[in-house]
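Computed from the coordinates by the stated procedures, all read-outs in this text should not be read as laboratory data. Everything numeric in this text was worked out from a predicted model, so none of it was measured.
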Amino acid sequence: MSHLRYLFLISVLIFLSGCAHKVTLAQISPKFQSKSSKERQLVQRYKEYWDYFAKKQFEKAYYYELPHQRFLHSLKWYKEFNEPNDQNYTTILRSINFPNNYTANIHSTYISQDKKTSFNFTDKWYLIGGEWYHLMKTTKLPTFHQNID
């Protein structure tokens, strides 16, 4: 009987360790792990943002967008605007360029879940108050509901 208990205990531990595994959809090259603290913070924010975005956790990704863009676009609008996007794709950080101390251009590759589509893209990130924020890729202005006579 004690052998069955050990077998059961081992099975439960294996199951729980599998549940604790976190799927990461943003891939970061090891070359970005040992950089300056400013770059490490940017890479961490990038990874979190794209993981949330690829998993369609827009309520979390939204708070990585620039504060003035969040002022202009509600969370409801943000979710509706981004909902048609693919899900569970992978982004791979390729390089980072700092034109100045407060701006970063991150060059990445998008790979679809079925691996049939891939393309390169560039994100802009801005350092504001010690925190990095993503520049939302939209030129749409919010709709203001007011009567104009």
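Taken over the alpha carbons of region 46-127 as equal point scatterers, the Debye sum produces base-10 log I(q)/I(0) values at 0.11, 0.13 Å⁻¹ of -0.32, -0.45. Cross-link check: pairs LYS55/LYS76; LYS38/LYS124; LYS55/LYS115; LYS38/LYS76 evaluated at a Cα-Cα cut-off of 26 Å; pairs beyond the cut-off: LYS38/LYS76.
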